[in-house]
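The structure under discussion appears below in the form of structure tokens.
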């Protein structure tokens, strides 16, 4: 079964422009085109897209880090931690504050990803 881009995005709860951007960043994500030139996605591609979304939005990877992590997983070496950025701080924080910080960081990452995607659509170079 194949899904057109709109159907795939609805099923995965992402916007089509985000998926098109991910296709430029993740070489492993290369959907077929229908006779009319529309992108069509098989179940395996939906699984890849779902994993990319998890890496970026839930696990906090950058695009570069998610790309490395996904490549490692697909090559069978899923143990590599390729997250970019400094290692977690060893300072103790109460669990309530830690949870709030995590929520804020996730929101900032999502906002930054959204801004980069919009910049690409508008033809600006993402920073």
> Taking residue 3 and the conditions (1) closer than 18 Å to residue 117 by Cα; (2) in contact with a strand residue (DSSP E or B) (Cβ under 9 Å, 6 or more places away or on another chain), which numbered condition does it fall short on, given that it satisfies the others?
Replying inline: (1)
>> I'm trying to understand the selection: among the residues of region 1-13, which are in contact with a helix residue (DSSP H, G or I) (Cβ under 8 Å, 6 or more places away or on another chain) and either over 18 Å from residue 58 (Cα atoms) or modelled with pLDDT under 95 (or both)?
In response: 1, 3, 5, 6, 8
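Looking at region 19-61, which of its residues are assigned to a loop (DSSP other than H, G, I, E, B), touching a residue at least 40 places away in the same chain (Cβ under 8 Å) and closer than 23 Å to residue 116 by Cβ? Quick ask: steps written out before the conclusion?
Narrowing region 19-61 to residues assigned to a loop (DSSP other than H, G, I, E, B): 26-31, 34-38, 42, 59-61.
Restricting the remaining residues to those that are touching a residue at least 40 places away in the same chain (Cβ under 8 Å) gives 26, 28, 42, 60.
The answer is 26, 28, 60.
Considering region 62-75 alone, what residues qualify as being over 14 Å from residue 18 (Cα atoms) and in a helix (DSSP H, G or I)?
Correct list: 64, 65, 66, 67, 68, 69, 70, 71, 72, 73, 74.
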>> Quick check on region 91-105. Is at least one of its residues within 23 Å of residue 54 (Cα to Cα), modelled with pLDDT of 65 or more and surrounded by 13 or more Cβ atoms within 10 Å (Cβ to Cβ)?
In response: no
> Which one of the conditions (1) surrounded by fewer than 17 Cβ atoms within 10 Å (Cβ to Cβ); (2) in contact with a helix residue (DSSP H, G or I) (Cβ under 7 Å, 6 or more places away or on another chain); (3) in contact (Cβ under 8 Å) with a residue 24 or more places away in the chain does residue 16 fail to meet, given that it meets all the rest?
Replying inline: (3)
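Being at pLDDT 95 or above, out of contact with any helix residue (DSSP H, G or I) (no Cβ under 7 Å at 6 or more places or on another chain) and within 22 Å of residue 73 (Cα to Cα) is the requirement here; does residue 56 meet it? Outline the logic, then answer.
Working: at pLDDT 95 or above: yes; out of contact with any helix residue (DSSP H, G or I) (no Cβ under 7 Å at 6 or more places or on another chain): no; within 22 Å of residue 73 (Cα to Cα): yes.
Answer is no for this residue.
The values are calculated or read from the model by the stated rules, or taken from the named source; none is laboratory data. These numbers come from a predicted model, not from an experiment. Cβ: placed from backbone, ideal geometry, glycine included. Neighbour counts: every protein chain shown.
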